[in-house]
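The values are calculated or read from the model by the stated rules, or taken from the named source; none is laboratory data. Computed from a prediction, not measured in an experiment: that's the story for all the values here. Positions of Cβ are generated from backbone atoms using ideal geometry, with glycine treated the same way; all protein chains shown enter the neighbour counts. Areas reflect the complete protein model, heavy atoms only, side chains present, ligands, DNA and RNA absent. Shrake-Rupley method; radii C 1.70, N 1.55, O 1.52, S 1.80 Å.
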Amino acid sequence: MFNLLNRLIRRHLPFLAAASLLLCGFEFMLCALVATFNIPAILSEVMKSLPPAAQNFISEQVLAGMTTRGLLAFGWNHPVTLALGAAVAVVPATRAIAGEIESGGMELLLSQPLPRWQYLNAQVAFALFAIAALSAAGMIGTLAGQRAFALGLVELRPLVQVVFNFFLLQSAWFGLTLLFSVFGRESGHVVGTAFFLALVSYIVQVLGKIWPVIAGLLPFSLYNYYSSQDILVQNHFSKSSVAILASVFLAGVGLAMWRFQRRDIP
């Protein structure tokens with residue numbers, strides 16, 4: 001199992017390092033922008049040209065009232081942040097099974113004295129490590145930015161809660177993608193399905209807050225259970241959201257384990 005973990009680290013480390021540096025730099029630069037420019041005033045002028053509905057949505061739902069603290073919270077809900085997190089979750093899950101089958105490496109791996117459950121446990125352990133490393137890199141970027149630019153706006157506890165919520169969100173995407181992967185034979189199809197589902201989930205979460213027609217779909221969006229604004233601005237950390245995201249992760253991994261033990265390779 002340790003040899004497999006070493007193999008996974010060598011394979012994914014460049015991508016994980018790049019994604020972590022990007023997220024850390026992005027959160028740091030956001031602090032720099034907040035400290036350098038009066039962004040709330042700038043956005044307020046820009047939004048005067050928008051329709052009232054769009055003004056209310058951007059102010060309350062996206063930028064949390066356009067306060068400086070709300071802008072920092074938006075950095076953890078920005079599409080760049082969410083895309084990096086989804087990539088780190090989806091890529092290892094895809095390569096774990098469908099990618100190895102497509103490349104022909106799965107038969108060689110399973111010919112070793114390594115039970116299937118242990119193989120999948122190693123994949124899950126590495127994925128959780130990768131997601132945790134990415135989440136920690138983002139937190140370091142926020143903390144370093146606040147210290148470098150003397151912001152002092154976000155306390156450590158709510159920031160840790162946001163990072164934990166972000167970790168669970170990406171873990172849930174990993175669990176779902178692993179389930180897709182265990183039924184697939186081509187990595188491209190699995191990646192496409194996972195990212196399409198993530199995109200639809202994000203669109204539902206965004207539009208569901210301003211369009212009553214699809215508001216009923218919000219409970220089916222994973223992004224509905226992740227909100228940096230609620231935690232950092234309103235000091236509300238939802239335990240039910242934690243339970244739902246953790247349940248999705250466990251269900252995805254559990255079903256993938258069950259299926260992997262029974263499917264033919266290739």
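Here is how the numbers come out for the structure above:
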read-out: Cβ-based net charge around Leu8, under 15 Å, with every Lys or Arg adding one and every Asp or Glu removing one; value: +3
read-out: Selected from Leu134, Leu114, Leu143 as most flexible by GNM, with the chain as the system and alpha-carbon contacts under 10 Å; value: Leu114
read-out: Of all accessible heavy-atom area on the chain, the percent that carbon and sulfur account for (1.4 Å); value: 68 percent
read-out: Mean Cβ neighbour count within 10 Å, used as a protection proxy, ranking 19-26, 244-251, 205-212 highest first; value: 19-26, 244-251, 205-212
read-out: Sorted peptide list for 12-18, 105-111, 188-194, criterion being average Cβ within 10 angstrom, highest first; value: 188-194, 12-18, 105-111
read-out: Solvent exposure of the chain as accessible area per residue, Å², 1.4 Å probe; value: 48 Å²
read-out: Mean Cβ neighbour count within 10 Å, used as a protection proxy, ranking 27-33, 91-97 highest first; value: 91-97, 27-33
read-out: Of the DSSP H helices in the chain, those whose Cα atoms cover at least 15 Å axially and whose Kyte score averages -1.0 or more; value: 2-36, 79-94, 116-148, 156-183, 187-208, 239-260
read-out: Charge dipole of the chain about the Cα centre (unit charges at C-beta), most positive-ward option of Ala86, Ala32, Gly99; value: Gly99
read-out: Among Ser221, Val162, Ala133 the positive-end extreme of the charge dipole of the chain (Cβ point charges); value: Ala133
read-out: Options (i) 19.9, 66; (ii) 18.8, 58; (iii) 22.9, 74 - which one matches Rg and Dmax of the Cα atoms in Å as calculated here; value: (i)
read-out: Residue-averaged 222 nm ellipticity for the chain, from DSSP H runs of 4+ at -39500 (n - 2.57), nearest 500; value: -24000 deg cm²/dmol
read-out: Relative contact order of the range 117-243, pairs being alpha-carbon contacts under 8 Å that are 6 or more residues apart, as %; value: 24 percent
